[in-house]
Every structure is written in C-alpha cells, then in structure tokens.
Amino acid sequence: MTDLSRRTFLGTASAAAAFGSVAEARETAVQRKKKGSAMSIRQDIAALVEKTPFVDTHEHVWEEAHRLKSKEGASHFPAPDFGILLTHYTDSDLQVSGMPPDDYAKLRSYDVTPRDKWKLAAPYYARCRHTGYQQCVRESVRALFDEDDIREDNCEAISRKLFDAMKPGYYRHVLRDVANIEYAQVNNLETAVFMETAQPDLLAQDISTVCLSSGLNIGPVLKLAKRDASDLKQWHEVIDWVFATYGPRAIATKNQSAYGRRLDYALVSEADAAPLFARFRQNEDSLAPSESKALEDHLFHYCIDKATEYNLPVKLHTGYYAGHGGMPLERLRKNASDLCPILQAHPKARFILMHIDYPYQDEVIALAKHYPNAYVDLCWAWIINPMASVRFVKEFLMAAPACKLFTFGGDYCPVELVPGHARVARKGLAQAIDELAESGWLEENDIPGIVDRIMRGNAHETYDYERALRNWSR
Ligand SMILES: [Zn+2]
C-alpha cells in the first residue's frame, strides 16, 4: 500500500495554494483560484506517483553475485565504471548518431580509462543527450551518484562511486531504496530457461519459452533436464518437465521470438508436427523454412497451454527492436493483427503485450479493449519515446479497462539504469494523469485508485508473486 491515502490526496488537492506574481495580479479571482487549484493538483499527483512503489514487470538484470565478479575482471560483463551506463540502449543512440563501432566497444573495456572513454563518447552523447535513453542515463546518475550529468571532470568520480557501491545487497539498495520498486520480474538472459536466483523475493523469474518452441534449441534444455528427446512426444515431456520444475516458482513465461519472425503462429496438430520434429532431430538443417515454422508454431501453442495450466501470464515481445540498423518495420506492423487468432485460441491464457507494440501502440489499445485476455505493458517504452508513452497512457485509460495496464519495466541488464528509467516513467505518468484531470477526462476522486492500480495493483492481481515466493522457500 502507499502511505499517501486517498483522503490525504484529496485534502491537499483541495487546499488551493496562493500564487503571487505580476501576471497573476491581472487575473480574475476565479481564474486565480482555478489556476492555483490546478497547480496544487499537479503537485499532489506528482507526489502521489513519487511515493507509490512500482512493481517492475520486466528486467534482464544479471544475477547479482555474477555481476559483482566484474570487480575482479569477469570480462563478459562491461567494466565496472561509468562506461557501463552507456552500454545498454544508449549504445544504439550513440552509434546511430555516428559513433564508430570500434570506439563504442572501448566503452565496455577493462583496459581503457574512464577519462579516455568519456573523450570517445562525448561528441556523440552531445548529439543525442535529449533522447529518452540519454535522459534515463542522467536520471540514474542523479539518483545514484549525486552528480547532475556525466562530464570529463566527474567521470572518474562516478566510476569510483559505482565500483565502491558494488557489494552484496547492491541490487536491493538500487531497486528498493533508490528506485522505490517492490520487486522486479526478470527474464534472465544468462540461462536458456530459468535462473535459480539467490534473491527470489526481489528478482522474480520468468520461464523463457524461446528455446522450447519458437527458437527451438534443444541442446541446452536436454542438458538441463538430463533427458533425451528423439521424438515429439519426448520433447513434450521435456517441456512438461520444465514447467513442473520451474513453473511453481516462476512469475510468468516470456518469449521474444518477434525479433526473428512474425507472430502468425498457426494451430498445427501434433500429428503434423511429429514427423517434422523427427527429421529435425536427425538433421537440424533438414527442414524447409515453412516446415520449421510449422514445428515452431505447434510448440509455441503447446507452451501457451502449459503456461495456462500453471496459471502463468504469457509475456510476448511486440513492436520496436533493440539494437540499430536492422529493424524490418513491415513485420512489426503486423504484430497486433497476427495476435488476434492466438488471443481467440487461448481464452484462458493471459497475454502481456510488451513495449506497447511501439510504434503501433494504437493497435494494442484496441486489443486490450476488445479481448478479455490481452494486457499491455509499458516496459521499455518510456525511454524509447517518452512523449508517445504519455500519449499512450492517456489514450489507453480512455479506451480500455485500467486493470489491463502495467506501467513500468526498466528492461535493463545493468541494474544502475533502472532508477533513471523509473524516474522518467514517474515523470511521464504524473504528466499523463495530470493532463487527463486538467482537461476534465479523469475525476479527481478516481486518481488515487488508478495510480495505485497501474503502478502496482494490477501486477499483484495478475502475477501470483505470493505463490511463487512460497514455492521458493519449500
Ligand atoms: Zn526485454
């Protein structure tokens, strides 16, 4: 619960503040009262959003113990200095602004000094410092390191503070104390399927269904399950094992195969898929593209059925691609329409359409309004395009039930960038709610309930955090 109750909110909102200025002296008393009240409501909404914790419904943060090893030079992680703040998402803006890939690679390096890294990044950072990605970096620097921006004269100090802060308990401090997040849901990319996290109360875990189905990669899964699968029936049993083993402790399933294919998963029967799987096992390259698609389609639907059986929401990547220089917009624009038959085929599943399908966000508003089992998550969207996200929240709330919206997921590997993202999200959320209230589309009395709902309440209704936690402690 938030500690700012509905009554407190309404009480402060109705107490119009006095605003004295030369311009205002010319206004009528009524105008003055109206303006003062609007300012007061704006401040109250901002304070309410500030104090309300997020349930963070999507991150990729590495396990803390693994990440801390970068202090001893675990070089598959970026070096533990300020450069890491420029390595996720921001890297795309820098390179699209003209930064050469070889120079960018040095920002991750353990062999380049912070000062030299800054000299490489500065000209490109200046070109894109206004974007959501870069605002997020600055907000994190402010929240975590008490500096206003990154500059040549403070990049070493920021690096020192970051290095010193990295010790056991780091993630809890960054996520809970700094970003005001209750808990985060993590799709850990260090494993094929599921991370056995050391902190299940802080880092709830998704089951990734990519290797099981739409990006079929059976090797790592068979190794995990210590089984073999020479036919489709046995592969189904392996998937069953994955869900039986991890499902009780998982928070959701996650699939981002939209990066590689359309979402037009057809209903392919077991009888039709079985010979394809058998041939795939003989020779993974033997299937024609249409045959691979049919096999993936069958397994994708199988995994949705398993998720439904275990009461796990089904998170699907939709819309914009991370990275740069390769996004096939024609494929993305079909995401929402491709999903319609899937939403119809699985009425008991709950589908979470991630990243608001940007830049086709109007279409997922239509899906959330029309289909009882379609939910939308703003994860990542606030920093892809903050203004589009403000617009989206306003339009979503005017069209679709408020219970189907999740408003924050940092979508980051480096935990340091989550507080900045949360700040950007809170700023945008407060603006959206305020604009709806000021224009008379949202009643003041409804604001506290809606804010609580979209920042944390919906997540508690939709994801069974308590069940997962109970099963971790068994
Ligand atoms: Zn993600």
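The values are calculated or read from the model by the stated rules, or taken from the named source; none is laboratory data. These numbers come from a predicted model, not from an experiment. Backbone-built Cβ (ideal geometry, glycine too); neighbour counts: all protein chains shown.
Check off (1) within 29 Å of ASP103 (Cβ to Cβ); (2) of a type in the set (A, V, I, L, M); (3) in contact with a Pro (Cβ under 8 Å, 6 or more places away or on another chain) for ALA192 and give me the number that stays unchecked.
(1)
Which of the residues spanning the range 195-204 are under 17 Å from the mean Cα position of the chain (by Cα) and part of a loop (DSSP other than H, G, I, E, B)?
Keep residues of the range 195-204 that are under 17 Å from the mean Cα position of the chain (by Cα), which gives 202-204.
Across the range 195-204, the qualifying residue is only LEU202.
I'm checking my understanding of the structure. Among residues of the range 382-414 that are under 12 Å from the mean Cα position of the chain (by Cα) and part of a loop (DSSP other than H, G, I, E, B), which one is farthest from VAL141 (Cα to Cα)?
THR407
Taking the residues in the range 177-194 that are of a type outside the set (Val, Ile, Thr) and over 14 Å from PHE408 (Cβ atoms) as candidates, determine which candidate is farthest from the ligand (Cβ to nearest atom). Walk me through it before giving the result.
As a first pass, look at the range 177-194 and keep what is of a type outside the set (Val, Ile, Thr): 177, 179-180, 182-185, 187-190, 192, 194.
Still in the list and also over 14 Å from PHE408 (Cβ atoms): 177, 187-190, 192, 194.
Working: ASP177: 24, ASN187: 6, ASN188: 11, LEU189: 9, GLU190: 14, ALA192: 16, PHE194: 16 Å.
Applying the filter and picking the extreme gives ASP177.
Output the qualifying pairs, or none if there are none: Cβ atoms under 9 angstrom, residues six or more apart or on different chains, first residue in the range 340-352 and in the same structural domain as GLU309 (by TED's automatic domain parsing), second residue assigned to a loop (DSSP other than H, G, I, E, B) and among the charged types (D, E, K, R).
PRO341/ASP264; ILE342/ASP264
When the range 415-455 is examined, which residues are found to be within 24 Å of the chain's Cα centre (by Cα), of a type outside the set (A, V, I, L, M, F, W, C) and either closer than 22 Å to SER140 by Cβ or outside any helix (DSSP H, G or I) (or both)?
GLU416, PRO419, GLY420, HIS421, ARG423, ARG426, LYS427, GLY428, GLN431
Please state which of the following conditions GLU59 fails to meet, knowing it meets all the rest: (1) more than 16 Å from the ligand (Cβ to nearest atom); (2) in contact with a Gly (Cβ under 6 Å, 6 or more places away or on another chain).
(1)
Considering only the range 428-473, state which residues are without any contact (Cβ under 8 Å) to a residue 60 or more places away in the chain and among the charged types (D, E, K, R).
GLU435, GLU443, ASP446, ARG453, GLU461, GLU466, ARG470
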